[in-house]
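What follows is a set of notes on a single structure, which appears directly below.
The values are calculated or read from the model by the stated rules, or taken from the named source; none is laboratory data. Keep in mind that what you see is a predicted model, and the values were worked out from it rather than measured. All Cβ positions, glycine included, derive from the backbone under ideal geometry; neighbour counts span all protein chains shown.
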Amino acid sequence: MERILIVDSNKTLAKLIAKKIGEALDFEIDIAFSLSEAKLFLHKYQYFVTVADSHLVDAPNGEVVDYILKKQQSVIVLSGQIDKKFRQSMLQKNIIDYVNKSGTGDIEYLIHTIQRLQKNQKHRVLVVDDSMMFRKQMVSFLENLFYKVTAVAHGEEALGMLQTYPDISLVLTDYNMPVMDGLELTRAIREEYSKNELSILALSGNNDDDVSALFLKNGANDFIKKPFSKEEFACRVNNSIEALENIQIITNQAQRDFLTGLYNRRYFFENMQSYIEKHNDDSFVVAMIDIDDFKKINDTYGHDVGDKAIIEVAEILTSGTNYHDLVARFGGEEFCVVLKDVDMEQSYRILDKLRENIQNNVIECEKYENISFTVSIGVALFDGEESLEEVINQADMNLYKAKQNGKNQIQS
């Protein structure tokens, strides 16, 4: 488990911060009340982040911050110091943030900041700027916020990187660049990626007030004018990423089945229609899968056991298919699986293995004996001759045959 170090001479506050962080986040928390104690911890452990008061009994002028940075560890500075000059001197160092100690709201902000750092590790930011100095500065700022970072000098390179790194969540682009400028890049990105898929933050030192409006009208999510402060930069970047995450959460909830986490019927048809348009020469196999005697399971053992059966089928189908295949829950005890890049013979082997794994699976119940069940499967081939709906109907008819012929089998 990762660790967080709290360094504060105020023992009551240090313990309160540790308690609040421990309740909200999954970290081991260490507490030091002085620089000398902090040194012992920092010598022993590598911390996810250190939260340090800038004014300690044995280090009254921020010496603890310099020591933490010297140890190449990340630090968030806490301070009750209201002196602007001191605050600016701290922000010029390679710290994550400077948080004033003024109340419990600051502890909540601190927790949110740590949560943000955890999430940032999943995101890649693409920096596009022809100035090496600004590129290095932005890369340093972003890496200090725990983002993965890729940097290029102009728009054409950036488009190539978007193909190379599918995990890019945010593009930071300058305006005036050779080969392809930031506005052209923004337009090109929006031809391929919507605002719901990829965020764009434009930057420019141009004094023309129309530039920001131009970028926003052409698809940028936000605009920041050079030169900018480290705090403004961090806030705008984090806000852009958070907005993207919130959109993706809402989208995911609309596309996923709440019980199993599988894609739902609506997403299945939208995704497959798009796939067919892009791969109209490709064939694939559609399998309709239904749990046998599901009503009996519900009536005998209760709906909780029925839900468990549905969840376990979902897990077996997901683990037994390739990442490029599509597994969806159509409703109730019915699932649909699309197997890509296989013929009927190959698909039969895959599906029979899935059927066998489900048959051999056992649900452990506290109130009843362990329960096992089976599924029936109907299969049809999509080869472009018929519509997707017609192929699904054919698979459904074959599923009905499997049920009529004794269940726990595949019909094609």
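Check whether at least one residue in segment 47-65 is within 25 Å of residue 229 (Cβ to Cβ) and charged (D, E, K, R), and report yes or no.
So far as segment 47-65 goes, yes, one or more of its residues are within 25 Å of residue 229 (Cβ to Cβ) and charged (D, E, K, R).
Residue 320 passes all but one of (1) surrounded by 13 or more Cβ atoms within 10 Å (Cβ to Cβ); (2) touching a residue at least 40 places away in the same chain (Cβ under 8 Å); which number fails?
That leaves (2) as the condition not met.
Which one of these does residue 187 not meet: (1) buried (at least 20 other Cβ atoms within 10 Å of the Cβ); (2) not assigned by TED's automatic domain parsing to the domain that holds residue 316?
So the condition that residue 187 fails would be (1).
What number of residues within segment 246-262 are in contact (Cβ under 8 Å) with a residue 40 or more places away in the chain and either loosely packed, with under 15 Cβ neighbours inside 10 Å or under 28 Å from residue 307 (Cβ atoms) (or both)?
Going through segment 246-262, the residues in contact (Cβ under 8 Å) with a residue 40 or more places away in the chain turn out to be 247-248, 251, 257, 259-262.
Then keep just the ones that are either loosely packed, with under 15 Cβ neighbours inside 10 Å or under 28 Å from residue 307 (Cβ atoms) (or both); that gives 248, 251, 257, 259-262.
Final tally of qualifying residues: 7.
Could you say whether any residue in segment 98-111 is of a type outside the set (Lys, Arg), closer than 30 Å to residue 206 by Cβ and outside the structural domain of residue 243 (by TED's automatic domain parsing)? Break it down stepwise before answering.
Taking segment 98-111 and keeping what is of a type outside the set (Lys, Arg), we get 98-100, 102-111.
Now drop any that are not closer than 30 Å to residue 206 by Cβ, which leaves 98.
From the residues that got through so far, the ones that are outside the structural domain of residue 243 (by TED's automatic domain parsing) too are 98.
Yes, segment 98-111 contains at least one residue that is of a type outside the set (Lys, Arg), closer than 30 Å to residue 206 by Cβ and outside the structural domain of residue 243 (by TED's automatic domain parsing).
Which condition does residue 274 not pass, out of (1) outside any helix (DSSP H, G or I); (2) over 22 Å from the mean Cα position of the chain (by Cα); (3) over 27 Å from residue 406 (Cβ atoms); (4) among the small types (Gly, Ala, Ser), if it passes all the others?
Failing condition for residue 274: (1).
Is there a residue being in a helix (DSSP H, G or I) and more than 17 Å from residue 94 (Cβ to Cβ) anywhere in segment 43-57?
Within segment 43-57, the subset in a helix (DSSP H, G or I) is 43-44.
From what is left, the residues that are more than 17 Å from residue 94 (Cβ to Cβ) are 43-44.
Checked against the condition, which is being in a helix (DSSP H, G or I) and more than 17 Å from residue 94 (Cβ to Cβ), segment 43-57 yields at least one hit.
Could you pull out the residue among 361, 405, 357 that is surrounded by fewer than 21 Cβ atoms within 10 Å (Cβ to Cβ), over 35 Å from the mean Cα position of the chain (by Cα) and assigned by TED's automatic domain parsing to the domain that holds residue 288? Before the answer, list the steps.
Working: 361 fails: over 35 Å from the mean Cα position of the chain (by Cα); 357 fails: over 35 Å from the mean Cα position of the chain (by Cα).
Residue meeting the stated conditions: 405.
Return the residue satisfying two criteria in turn: it lies in segment 34-65 and is under 16 Å from residue 87 (Cα atoms) and surrounded by fewer than 17 Cβ atoms within 10 Å (Cβ to Cβ), and of such residues it is nearest to the chain's Cα centre (by Cα).
63
Filter segment 275-294 down to the residues that are surrounded by 19 or more Cβ atoms within 10 Å (Cβ to Cβ) and either of a type in the set (Val, Ile, Thr) or without any contact (Cβ under 8 Å) to a residue 40 or more places away in the chain (or both) and list them by number.
Narrowing segment 275-294 to residues surrounded by 19 or more Cβ atoms within 10 Å (Cβ to Cβ): 284-292.
Scanning segment 275-294 gives 285, 286, 289, 291.
Quick check: anything in segment 143-152 farther than 29 Å from residue 69 by Cα and touching a residue at least 40 places away in the same chain (Cβ under 8 Å)?
No, segment 143-152 has no match at all.
Would you mention how many residues in segment 32-60 are of a type in the set (S, T, N, Q) and farther than 18 Å from residue 99 by Cβ? Give the steps one after another, and end with the answer.
Taking segment 32-60 as the starting set, the residues that turn out to be of a type in the set (S, T, N, Q) are 34, 36, 46, 50, 54.
With the extra rule that they be farther than 18 Å from residue 99 by Cβ, the set shrinks to 34, 36, 46.
Adding up the residues that qualify gives 3.
Only one residue in 398, 408, 357, 393 is polar (S, T, N, Q) and part of a loop (DSSP other than H, G, I, E, B), so which one is that? Can you show your working first?
Working: 398 fails: part of a loop (DSSP other than H, G, I, E, B); 357 fails: part of a loop (DSSP other than H, G, I, E, B); 393 fails: part of a loop (DSSP other than H, G, I, E, B).
Being polar (S, T, N, Q) and part of a loop (DSSP other than H, G, I, E, B) holds for just one of 398, 408, 357, 393, which is 408.
Among residues belonging to segment 252-297 that are among the aromatic types (Phe, Trp, Tyr) and over 24 Å from residue 382 (Cα atoms), point out the one that is modelled with the lowest pLDDT. Break it down into steps so the answer makes sense when it comes.
Initial filter on segment 252-297 (among the aromatic types (Phe, Trp, Tyr)): 258, 263, 267-269, 275, 284, 294.
Cutting the leftovers down to over 24 Å from residue 382 (Cα atoms) gives us 258, 294.
Working: 258: 91, 294: 95.
Filtering segment 252-297 for residues that are among the aromatic types (Phe, Trp, Tyr) and over 24 Å from residue 382 (Cα atoms), the one modelled with the lowest pLDDT comes out as 258.
In segment 203-213, which residues are surrounded by fewer than 18 Cβ atoms within 10 Å (Cβ to Cβ) and hydrophobic (A, V, I, L, M, F, W, C)? Write out each step before concluding.
Going through segment 203-213, the residues surrounded by fewer than 18 Cβ atoms within 10 Å (Cβ to Cβ) turn out to be 205-210, 213.
Hit for segment 203-213 is 213, nothing else.
Take segment 63-81 and flag every residue that is in a loop (DSSP other than H, G, I, E, B) and either in contact (Cβ under 8 Å) with a residue 60 or more places away in the chain or under 21 Å from residue 113 (Cα atoms) (or both).
Restricting attention to segment 63-81, the residues satisfying the condition of being in a loop (DSSP other than H, G, I, E, B) are 71-74, 80-81.
72, 73, 74, 80, 81, listed by residue number.
Would you tally the residues in segment 1-31 being closer than 11 Å to residue 53 by Cα and of a type outside the set (A, V, I, L, M, F, W, C)?
Looking only at that region, the number is 3.
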